[in-house]
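Heads up: the structure comes next, in structure tokens.
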Amino acid sequence: MTETVHDQRHFQRIFYNAEAVISDSISSLACKVVDISLKGCLLDFGVPWPGKHDARYELVLRLSEDVTINMVLKFAHGAGSQVGFKCEHIDIDSITNLRRLVELNLGNSEMLERDLQALSGL
């Protein structure tokens, strides 16, 4: 029996439709967050991805005026205007904000704790 992609995931993804900005050392590009987890995100650019596959990017997702999530990302996969990124680094404040967002959206703190334990074991 084959596993689906969802079954293979170690981290719960939450669907979160929000505006964000992704930047490299040269430019910034507006995008929409389709989903996000403790290990990455799926972004929609509205047009085919114009970026480089081997570059690092910084994502800034503003949850409110004073609450943001900042992640350093690396390209993972893409199809059309949607691109998946792997989280290479996230600061402690951003992980706290993302943790709260995931907890609120999952409605299950036990699932979040499992994700955090898996993250610390990587």
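Structure notes:
- D7, sole failed condition from (1) out of contact with any Lys or Arg (no Cβ under 9 Å at 6 or more places or on another chain); (2) in a strand (DSSP E or B); (3) modelled with pLDDT under 90: (2)
- The residues of the stretch 80-122 that are small (G, A, S) and modelled with pLDDT of 90 or more, listed by number, are G80, S81, G84, S94.
- Qualifying residue in the stretch 37-59 (condition: in contact with a helix residue (DSSP H, G or I) (Cβ under 6 Å, 6 or more places away or on another chain) and not in a strand (DSSP E or B)): yes
- Number of the condition not met by R62 [criteria: (1) under 14 Å from the mean Cα position of the chain (by Cα); (2) more than 22 Å from R100 (Cα to Cα); (3) modelled with pLDDT under 95]: (2)
- Candidates are the residues of the stretch 26-59 that are among the polar types (S, T, N, Q) and without any contact (Cβ under 8 Å) to a residue 24 or more places away in the chain; the one that is nearest to V102 (Cα to Cα) is S28.
- Boolean, E65 is among the acidic types (D, E) and exposed (fewer than 14 other Cβ atoms within 10 Å of the Cβ): yes
- A30 being at pLDDT 95 or above and either surrounded by fewer than 14 Cβ atoms within 10 Å (Cβ to Cβ) or not in a strand (DSSP E or B) (or both): yes
The values are calculated or read from the model by the stated rules, or taken from the named source; none is laboratory data. Quick caveat: nothing in here was measured; it's all calculated off a predicted structure. Positions of Cβ are generated from backbone atoms using ideal geometry, with glycine treated the same way; all protein chains shown enter the neighbour counts.
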